[in-house]
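One structure is given below, encoded as C-alpha cells.
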Amino acid sequence: MKKEWNVTDGMGNNHVIGLNVSGFGGMKVVVDQDTYKAKSSNWFIRVLDYQISLPGAECNLVVVGNKIRLAVNGTYVDDGQPYEPVANTPGWVWALVAISAIGGWFFAGLIGLCLGLAMSALYIKFALDKKTGAVIGLFVAFLVVLAALFGVALAVQL
C-alpha cells in the first residue's frame, strides 16, 4: 500500500510526502525521495504518528490500522479536522485493544483475532475523536459477537 501527498512549505517549495507499507507491517516514510524506516508503536495493530519538519510547516503522518492521514500545521489534509496526537489515546483504550486481540484469538481463533484487530482500529479512531461512548459500545458489541462465535464453535464440536 502506498500513499502520497504534495505539501507546500512556508517558503513556497513543494515537497512530496509518502508512506510505503509492506505486506508484513514494515513502513517507510518518504520525504522528497529520502526514505526513513518507521515502526508501529503498538504490537497488535499498526499505529504510527511520525513528525516531519519542513521550513514553515509541521507535518504529522498518522496511521491507525489501514487508515493513513497527513496533518499539516495541526489540520488533517483530507477532511480539515484538527490533528490529535496518537499519544493522547487513553491507556484504557490500549487495554481494550489488547483484550480484543488476545481474547478474540483465544475464544474464536483466527476469525476472532481479525475481528478484534478491526475493532481495535475503531476504538483508537473513536478515542481520538473523543467519542468515549462509541468505544465502550463497540467493545460491548465485540464481546457479544465473540460470545456468539464461541457458542457456535462449542456447538459444532458437540
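Couple of notes before you dig in:
- Between W105 and Q81, full extension at 0.36 nm per residue minus the direct alpha carbon distance yields a gain of 5.2 nm.
- Per-residue HN-Hα couplings for region 138-154 [Karplus 6.51, -1.76, 1.60; θ = phi - 60°; Hz; x = Gly/Pro]: 5, 5, 5, 4, 4, 5, 5, 5, 5, 4, 5, 4, 5, x, 5, 4, 5
- For the chain: lysine pairs under 21 Å (alpha-carbon distance), excluding those fewer than 8 apart on one chain: 19
- Sorted fewest first by neighbouring Cβ atoms within 10 angstrom, L19, L154 come out as L154, L19.
- The chain: calculated mean residue ellipticity at 222 nm from DSSP helix runs of at least 4, using -39500 (n - 2.57): -14500 deg cm²/dmol
- Dividing the radius of gyration of the alpha carbons in region 2-84 by their Kirkwood radius gives 0.96 for Rg/Rh.
- Which label in [x] 55, 14, 12; [y] 26, 16, 14; [z] 36, 17, 11 gives the computed semi-axes √(5λ) of the Cα gyration tensor in Å: [z]
- The trypsin sites (Lys or Arg not before Pro) found in region 1-42 that occupy coil by DSSP, while having at most 15 further C-beta atoms within 10 Å, are K39.
- Scanning residues 5 or more positions from E58 or on other chains, those with amide H under 5 Å from its amide H are N73, with H placed 1.01 Å from N in the peptide plane.
- In Hz, Karplus ³J(HN,Hα) per residue of region 117-123 (6.51, -1.76, 1.60; θ = phi - 60°; x = Gly, Pro): 5, 5, 5, 4, 4, 5, 4
Taken together, the values in this text are just the output of simple stated rules run on the coordinates, not laboratory data. All figures in this text were calculated on a predicted structure; none of them were measured in a lab. Counting neighbours? That spans all protein chains shown, and the Cβs are built from the backbone with ideal geometry, glycine included.
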